[in-house]
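Encoded as structure tokens, the structure appears first; notes follow it.
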Amino acid sequence: MSFSLFRFGVAAALLLIGIGTAHADNVTAAYKEGGKYFTEDDIPTYKVGEDGTIDWLTYSGFRRYHSECHVCHGPEGEGSSYAPALKKSAIDMDYYAFVDVVVNGRKKVDASHNSVMPAFGENPNVMCYLNDIYVYLKARGMEVVPRGRPKKKEPKSDEIREEENACLGL
């Protein structure tokens, strides 16, 4: 899927489903498809094995978060003096609201707030890995993945590789 097609798909999903209507309160992986895990509500989620092995998207999310998001939001989603803890946001926000904020940005400036989240909808280094970042932050928020680089991970599936390459135009 091309980057533009991916963006169209995200926008269409937001319009069809409605932002805020599908909550990701249930984080339990109900099924696996193409190397990715989903809740019974079809929301991307993480999977951590008994031995601590994490799914590929969570591992990729760690890498992508630390290449694009941690500068403002702090390492491991812990927050900073500059921006809030995203591991908490991933728990408090439903998936579609999270996508909306990342794609479109958000500005909250008034007498008691001064926060501006830039829009990343044109950044393929974020958009092609948006679900990865989300599941990583969800796993951090649920405290099932500790701080630091994950030690064990599932292999990257061919389906994930193909989707990534298509999104990046490779």
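Below is a table of values for the structure above.
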| item | result |
| --- | --- |
| Pairs where the first residue, in the range 158-170, is under 19 Å from G61 (Cβ atoms) and the second is not in a loop (DSSP other than H, G, I, E, B), C-beta under 7 Å, 6+ apart | I160/K36; I160/W56; C167/F3; C167/F6; C167/P124; L168/P124 |
| Hits in the range 152-170 - residues which are outside any helix (DSSP H, G or I) and surrounded by fewer than 12 Cβ atoms within 10 Å (Cβ to Cβ) | K152, P155, G169, L170 |
| Residue identified as buried (at least 19 other Cβ atoms within 10 Å of the Cβ), aliphatic (A, V, I, L, M) and not in a helix (DSSP H, G or I) among V145, V126 | V145 |
| Tabulated pairs, the range 97-125, first at positive phi, second surrounded by fewer than 16 Cβ atoms within 10 Å (Cβ to Cβ) and not in a helix (DSSP H, G or I), C-beta under 8 angstrom, 6+ apart or interchain | G105/V116; G105/P118; G105/A119 |
| Of all residues in the range 129-142 being aromatic (F, W, Y) and assigned to a helix (DSSP H, G or I), the one that is surrounded by the fewest Cβ atoms within 10 Å (Cβ to Cβ) | Y134 |
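Throughout, read-outs are computed from the coordinates displayed, never taken from laboratory work. This structure is a prediction, so every number in the text was calculated from the model and none was measured. Here Cβ is always computed from backbone atoms with ideal geometry, including for glycine, and neighbour counts include all displayed protein chains.
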